[in-house]
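Reviewing the structure listed below.
The values are calculated or read from the model by the stated rules, or taken from the named source; none is laboratory data. On a predicted model such as this, the values are computed, not experimentally measured, just so you know. Here the Cβ is made from the backbone with ideal geometry for all residues, glycine too, and neighbour counts use every protein chain on show. Note: areas computed on protein heavy atoms with side chains; ligands, DNA, RNA excluded. Shrake-Rupley method; radii C 1.70, N 1.55, O 1.52, S 1.80 Å.
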Amino acid sequence: MATIFSSGGIGWARKLSGVGPTIGGMTALLAEPLQTDPVQLVSDGLQRLRESVPGLSDTEVQERVRAVESLSRQAHSVMLDLVAEMQARNLAGHTGFGSTARLLADMLSLSKAEARTRVGHAEQVGTRRALTGEALPARLPETAAALAAGEIGPAHLRIINEAMAAISDTATPADREWAEAHLTGWAPRLDPAALGRLAARVLVWLDPDGPEPATEEAPAPSGALRLRDRRNGGVGFEGWLGSEHGPALRELIERLAAPRPASEGIPDPRGVEERQADALVEVCGLARGAEHTPSSAGEPPHLTITLDLNTLIDGIGAAACDYGSYLSAGEIRRWACEAKVIPVVLGGRSELLDVGRAMRTVPLGIRRALVVRDRGCAFPGCGRPPSQCTAHHVIHWIDGGETSLQNCVLLCEHHHRVVHHTGWGIRIHADHAEFVPPTVIDPQRTPLRNPLRC
Ligand SMILES: [Zn+2]
Ligand SMILES: [Zn+2]
């Protein structure tokens, strides 16, 4: 049995080896030097982490990336506790600085904005002190706990803090508690942009009418539109339309911005923004009296691919398209979801196995039911509307999956790509789709659903 004793408050414990002094009848034996200063302990630990990097396996690298991010978030939480303590002790006042933010900025060479943010966050999640000196829970206790546990980072904290500050005064304490718990519960699994969308939704739930208009007499404008010349001769614009005309514009643009049917085997290469710009040009053309509306007829989407049967089944390798470029098997499986595919499958010696079994796009009835169920991209945190989504087959058509409500889910272009290439699993339930992260994202593979569609 070893008795450990320190040589002082801070610094190295006395290193003892062999037979040391006897204290209370026990011999103090100590193989390793003992560190008692927590800053030095953490610093030593980080140095050991750094030195261990080259010897790690791939899995260990992933584990360490998660662990070190968690440590850095925990360190941020301690920083905010310390800032709260500086504030409580009025260290800025005692040292002649005007404010804690100013003192912090000068101590750490931070920007004024960063220093103010830390002080603001410390006020919300730092441990508070009563006048008697006893510790009080943080103003945002759930958020403080999640940060201290390393589950959320500074960017999540910023969004939760802003959302909590924006909650209407009419909200009850129970509403506020619910909002904080809801956002903090989701934050570890959403990137800041997605968390921001969820926060906006929470604010709408809590105050569906929005803030009171500033004056009652002034009629609300129907919108605003700013045009400016661009150097290349084009025109830039930004603006908004109110609830009266906005939805009509959206409906019109989205209808005209639908991806064009594939021609010559090439699907519409334009991104959403480009298609919407083209739609606006089309609206202008219509307004000038032009008669052409986009033809909804024309060729149905089709794509002819030639590939080895094993490539198709394994999803590994590449295949040649009839227009000469190469596609990965994964890419083809993604396209096969929405396009009409006529596979020409060749066996090992290039014998023809199957030709001409056309897979239709998801029929309108099923698509409508998908819109009712998924209400847009079903991926956790995504806010894309149904008009920007395609129906993805959970069990790929190539693997025998059928075109049915139970086997399809709405996904935007980006998340369709994500699902096809990064190992997310999907489970379809009666009223929602559930997404199972790949182990590289979540080793426990805890299923998630899109909180924006709940
Ligand atoms: Zn798909
Ligand atoms: Zn999406």
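Kindly provide the set of residues from region 163-176 that are surrounded by 13 or more Cβ atoms within 10 Å (Cβ to Cβ) and of a type outside the set (K, R), ordered by number.
Hits for region 163-176 are A163, M164, A166, I167, S168, A171, D175.
Kindly indicate whether E123 is surrounded by fewer than 14 Cβ atoms within 10 Å (Cβ to Cβ) and among the charged types (D, E, K, R).
Answer is no for this residue.
For region 168-194, enumerate the residues that are in a loop (DSSP other than H, G, I, E, B), among the small types (G, A, S) and over 17 Å from R139 (Cβ atoms). Talk me through it step by step, then tell me what you get.
Looking only at region 168-194, we keep the residues that are in a loop (DSSP other than H, G, I, E, B), and these are 168-172, 190-191.
Next cut, among the small types (G, A, S) only: 168, 171.
Passing the criteria: only S168.
Is there a residue being among the hydrophobic types (A, V, I, L, M, F, W, C), within 11 Å of ligand 2 (Cβ to nearest atom), closer than 26 Å to A193 by Cβ and touching a residue at least 40 places away in the same chain (Cβ under 8 Å) anywhere in region 382-389?
Step one: of region 382-389, the residues among the hydrophobic types (A, V, I, L, M, F, W, C) are 382, 389.
Then drop every residue that is not within 11 Å of ligand 2 (Cβ to nearest atom), which leaves 382, 389.
Within this subset, residues satisfying the condition of being closer than 26 Å to A193 by Cβ are 382, 389.
This time we only want the ones that are touching a residue at least 40 places away in the same chain (Cβ under 8 Å), so: 382.
Yes, that holds for at least one residue.
Test of understanding: among V53, V83, which residue is outside the structural domain of A144 (by TED's automatic domain parsing), assigned to a helix (DSSP H, G or I) and exposed (fewer than 15 other Cβ atoms within 10 Å of the Cβ)?
Being outside the structural domain of A144 (by TED's automatic domain parsing), assigned to a helix (DSSP H, G or I) and exposed (fewer than 15 other Cβ atoms within 10 Å of the Cβ) holds for just one of V53, V83, which is V53.
Please identify the pairs in which a residue from region 182-202 that is under 12 Å from I160 (Cα atoms) and in contact (Cβ under 8 Å) with a residue 60 or more places away in the chain has its Cβ atom under 6 Å from the Cβ atom of a residue that is part of a helix (DSSP H, G or I) and of a type in the set (G, A, S), counting only partners at least 6 apart or on another chain.
So the pair list comes out as L195/A187.
Please verify whether T143 is in a helix (DSSP H, G or I) and farther than 20 Å from L82 by Cβ, treating the condition exactly as stated.
no
Does G196 meet the test of being at pLDDT below 85 and out of contact with any Phe, Trp or Tyr (no Cβ under 9 Å at 6 or more places or on another chain)?
no
Pick from A75, A105: which is more than 23 Å from the chain's Cα centre (by Cα) and either outside the structural domain of E177 (by TED's automatic domain parsing) or β-branched (V, I, T) (or both)?
Within the list A75, A105, the selection yields A105.
Criterion first (exposed (fewer than 13 other Cβ atoms within 10 Å of the Cβ) and either assigned by TED's automatic domain parsing to the domain that holds A144 or within 30 Å of R129 (Cβ to Cβ) (or both)) does G45 satisfy it?
Working: exposed (fewer than 13 other Cβ atoms within 10 Å of the Cβ): yes; either assigned by TED's automatic domain parsing to the domain that holds A144 or within 30 Å of R129 (Cβ to Cβ) (or both): yes.
It is true that G45 is exposed (fewer than 13 other Cβ atoms within 10 Å of the Cβ) and either assigned by TED's automatic domain parsing to the domain that holds A144 or within 30 Å of R129 (Cβ to Cβ) (or both).
Restricting the search to region 391-407, which residues are away from ligand 2 (no atom under 13 Å from the Cβ) and at pLDDT 90 or above?
The answer is V394, and nothing else.
For region 374-399, enumerate the residues that are within 13 Å of ligand 1 (Cβ to nearest atom), under 24 Å from D191 (Cβ atoms) and assigned to a loop (DSSP other than H, G, I, E, B).
C377, A378, F379, V394
Among the residues of region 256-282, which ones are surrounded by 13 or more Cβ atoms within 10 Å (Cβ to Cβ), at pLDDT below 80 and outside any loop (DSSP other than H, G, I, E, B)?
Matches in region 256-282: I266, E282.
So R427 fits all but one of (1) open to solvent by 40 Å² or more (accessible area, probe 1.4 Å); (2) touching a His at 6+ places or on another chain (Cβ under 9 Å); what number is the exception?
(2)
Matching residues to (1) assigned to a helix (DSSP H, G or I); (2) free of Cβ contacts under 8 Å to residues at least 12 places away in the same chain; (3) within 19 Å of V372 (Cα to Cα); (4) open to solvent by less than 30 Å² (accessible area, probe 1.4 Å):
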| site | (1), (2), (3), (4) |
| --- | --- |
| G401 | no, yes, no, yes |
| Q406 | yes, no, yes, no |
| L410 | no, no, yes, yes |
| R417 | yes, no, no, no |
| D431 | no, no, yes, no |
| E434 | no, no, yes, no |
| R445 | no, no, no, no |
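Any idea which residue in region 128-140 is nearest to A174 (Cα to Cα), counting only those that are in contact (Cβ under 8 Å) with a residue 12 or more places away in the chain and open to solvent by less than 100 Å² (accessible area, probe 1.4 Å)?
Ranking the candidates gives L140 first.
Here is a list of conditions, (1) at pLDDT below 55; (2) in contact with a Pro (Cβ under 9 Å, 6 or more places away or on another chain), and G347 meets all of them except one; can you say which number that is?
(2)
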